[in-house]
Amino acid sequence: MPITFIIGTAGSGKSLFTAAFGEWLKMSKQDVAIVNLDPGVLKLPYSPDVDIRNYVDVGNLMEKYGLGPNGALILAADLIADQIEKVTRDIEEVDADMVLVDTPGQMELFAFRASGPYIVDELTKEPKAIVYLFDAVFSINPLNYVSNMFLSAAVYNRFFQPQVHLLSKCDLVPKEQADRIADWSADPRALEDAIEQELEGSKRLFSRNMMRAIGQLGLKFLLIPISSKTNQGLTNVNTTLERILSGGEKYTT
Ligand SMILES: Nc1nc2c(ncn2[C@@H]2O[C@H](COP(=O)(O)OP(=O)(O)OP(=O)(O)O)[C@@H](O)[C@H]2O)c(=O)[nH]1
Ligand SMILES: [Mg+2]
């Protein structure tokens, strides 16, 4: 069963994308298993087939170890790795064509601790992909966009799995803005022009050097504009994931 992990900064739209894309796959007659790996979430926009909250309870951890909410979330993120066999068994029981995994709200709990890469490596030996979300509202400013490129490169550096980049929440920005951000992702000169025009001083210098450094790594961040409210772009996401998961592409797209 190929697995796709949905990653992005807090509030970037991971859970709603998991819900919308899961529904889209079902409507396209594909069997999909949806896994919630966020131990701290209270309400989800989908009914998970497999739920880490059955095995790790943040409230209990706070009480048992006298932790605050953040400390308990960090501990919970680490404890997820111990539950991997149970999660794997639950996923196998669903027996789907595709598994979508919604990851913890704060990206660093999954991407920048030991447990996330361990889980991605161990959950399956079948093809995997990472979907990384760029929030369109946040990415309108080239400085924010470049910061997100940097975070995305850092995520790639943690997992070394094929990575697909989505521009989420496109229904919230004018179409020309979304197109412009997508252009930056396809054409470094367009991004460099925006940096020259819209940023000044050290912000300009930093952004320009950062985008060049990431370019030198050979990473691409071709963004697929999507909306989990209108389903815009989900066909495109599916085509891209199918290509990656069947062909085992090595590079970011
Ligand atoms: N208009 C619009 N709102 C969206 C879209 N995707 C997500 N949202 C909203 O953005 C907010 C955050 O979305 P979530 O899907 O919870 O994001 P998340 O990355 O899972 O957030 P955390 O797990 O809490 O970090 C919610 O209010 C969503 O309704 C979208 O495509 N369009
Ligand atoms: Mg979420």
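The values are calculated or read from the model by the stated rules, or taken from the named source; none is laboratory data. Given the structure is predicted, the values throughout are model-derived calculations rather than measurements. Here Cβ is always computed from backbone atoms with ideal geometry, including for glycine, and neighbour counts include all displayed protein chains.
Can you name the helices (runs of 4 or more DSSP H) wholly within segment 148-253 that have at least 3 residues being farther than 30 Å from Lys26 by Cβ, in contact with a helix residue (DSSP H, G or I) (Cβ under 8 Å, 6 or more places away or on another chain) and modelled with pLDDT of 95 or more?
Result: 175-186, 188-198, 201-216.
Of the conditions (1) away from ligand 2 (no atom under 16 Å from the Cβ); (2) within 25 Å of Ala10 (Cβ to Cβ), Gly105 fails just one. Which one is it?
(1)
Test Asp171 against the criterion of being out of contact with any His (no Cβ under 8 Å at 6 or more places or on another chain) and over 21 Å from Thr9 (Cα atoms), and give yes or no.
For Asp171, the condition - out of contact with any His (no Cβ under 8 Å at 6 or more places or on another chain) and over 21 Å from Thr9 (Cα atoms) - is not met.
Filter segment 130-145 for residues that are surrounded by 24 or more Cβ atoms within 10 Å (Cβ to Cβ) and aliphatic (A, V, I, L, M) and give the result.
Ile130, Val131, Leu133, Ala136
Determine which member of the set Lys229, Lys125, Lys220 is surrounded by fewer than 18 Cβ atoms within 10 Å (Cβ to Cβ), within 16 Å of ligand 1 (Cβ to nearest atom) and basic (Lys, Arg). Give the derivation first.
Numbers: Lys125 fails: within 16 Å of ligand 1 (Cβ to nearest atom); Lys220 fails: within 16 Å of ligand 1 (Cβ to nearest atom).
Answer to the check: Lys229.
Run down Ala96, Ala114, Ala81 and say which single residue is in contact with a strand residue (DSSP E or B) (Cβ under 6 Å, 6 or more places away or on another chain) and more than 16 Å from ligand 2 (Cβ to nearest atom).
Ala96
Out of curiosity, is Asp49 near ligand 2 (Cβ under 9 Å from one of its atoms), farther than 21 Å from Lys229 by Cα and buried (at least 17 other Cβ atoms within 10 Å of the Cβ)? Walk me through how you get there before you give the answer.
Working: near ligand 2 (Cβ under 9 Å from one of its atoms): no; farther than 21 Å from Lys229 by Cα: yes; buried (at least 17 other Cβ atoms within 10 Å of the Cβ): yes.
Judged against the criteria, Asp49 is not a match.
Could you check how many residues of segment 29-46 are away from ligand 2 (no atom under 12 Å from the Cβ) and more than 16 Å from the chain's Cα centre (by Cα)?
5
Can you tell which of Asp31, Asp38, Asp51 is away from ligand 1 (no atom under 13 Å from the Cβ), under 16 Å from Val99 (Cβ atoms) and in contact (Cβ under 8 Å) with a residue 40 or more places away in the chain? Break it down stepwise before answering.
Values: Asp38 fails: away from ligand 1 (no atom under 13 Å from the Cβ); Asp51 fails: in contact (Cβ under 8 Å) with a residue 40 or more places away in the chain.
Going through Asp31, Asp38, Asp51 in turn, just one is away from ligand 1 (no atom under 13 Å from the Cβ), under 16 Å from Val99 (Cβ atoms) and in contact (Cβ under 8 Å) with a residue 40 or more places away in the chain: Asp31.
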